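Note sheet for the following structure.
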Amino acid sequence: MISMAITTIQISKELLEELKSRKMYDKESYEDVIRDLLEDSMELSEETKKRIKLAEEDIKAGRIYSIEDVKKELGI
C-alpha cells in the first residue's frame, strides 16, 4: 500500500493550465502528470544507455526495417 501525504501547493494559473494540458486523459491525477515530468528528467540507467548505443549502431549499419517492410513481411 502506498502511503500518501495530502498537501496543498500554490502554483500560478499559467502553470495550472500547463499541467492540465499535459494530462493524457481527463481523470489523470496531477501526481501522475508531475511524475511523468520528473521521469523525463531522470538520468537514464546504464542498461538503457547501453541499449540506446546498440540501437544507434544498428541504425548506422542499416539493420533496420521500415513500417512498410514489416507490413509486407506480415502480409498486412
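Below 12 angstrom from the Cβ of Leu54, what's the summed charge of the other residues (Lys, Arg +1; Asp, Glu -1)? Can you show the working numbers first?
Values: positive: Lys49, Lys50, Arg51, Lys53, Lys60, Arg63; negative: Glu47, Glu56, Glu57, Asp58.
The answer is +2.
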(request) Would you kindly derive the ³J(HN,Hα) couplings of the stretch 48-65 from the backbone phi angles with the Karplus curve 6.51 cos²θ - 1.76 cosθ + 1.60 (θ = phi - 60°), listing them in order in whole Hz, with x for Gly and Pro? (result) 5, 4, 5, 5, 5, 4, 4, 5, 4, 5, 4, 4, 4, 7, x, 8, 9, 10
(message) Filter Lys23/Lys49; Lys20/Lys60; Lys49/Lys71 down to the pairs with a C-alpha to C-alpha distance above 31 Å, please.
(response) Lys20/Lys60
(message) Angle check, please: helix 30-41 long axis (alpha carbons) against the longest principal axis of the chain (alpha carbons), in degrees 0 to 90, nearest 10.
(response) 50
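For Met24, what charge total do you get from the other residues with a beta carbon under 14 Å from its beta carbon, if Lys and Arg give +1 and Asp and Glu give -1?
Values: positive: Lys20, Arg22, Lys23, Lys27, Arg35; negative: Asp26, Glu28, Glu31, Asp32, Asp36, Glu39, Asp40.
Local charge sum for Met24: -2.
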(request) Check cross-link reach from Lys27 to the lysines: straight Cα distance under 23 Å, and skip same-chain residues fewer than eight apart. (result) Lys13
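Find how much the distance from Arg51 to Ile76 grows on full extension, using 0.36 nm per residue of separation minus their present alpha carbon separation; answer in nm with one decimal. Write out the running numbers ahead of the final one.
On the way: separation 25, 0.36 × 25 = 9.00 nm, distance 2.89 nm.
Result for the pair: 6.1 nm of gain on full extension.
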(message) Please give me the summed charge of the neighbours of Ala5: other residues whose Cβ is under 15 Å from its Cβ, Lys and Arg +1, Asp and Glu -1.
(response) 0
(message) Report the gain in length on full extension from Met24 to Ala5: 0.36 nm times residue separation, minus Cα-Cα distance, nm rounded to one decimal.
(response) 4.5 nm
(request) Using the charge dipole of the chain (Lys, Arg: +1 at Cβ; Asp, Glu: -1 at Cβ; taken about the Cα centre), state which of Ile52, Val33, Leu19 has its Cα farthest towards the positive end. (result) Ile52
(message) No solvent, one uniform scatterer per C-alpha: report log10 I(q)/I(0) for the chain via the Debye equation at q = 0.11, 0.14, 0.17, 0.18 1/Å, two decimals.
(response) -0.61, -0.80, -0.88, -0.90
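Read the figures in this text as sums done on the coordinates, not as results from a lab. These numbers were taken from a predicted model, which means no experiment stands behind them. Positions of Cβ are backbone-derived with ideal geometry, glycine not excepted, and every protein chain shown enters the neighbour counts.
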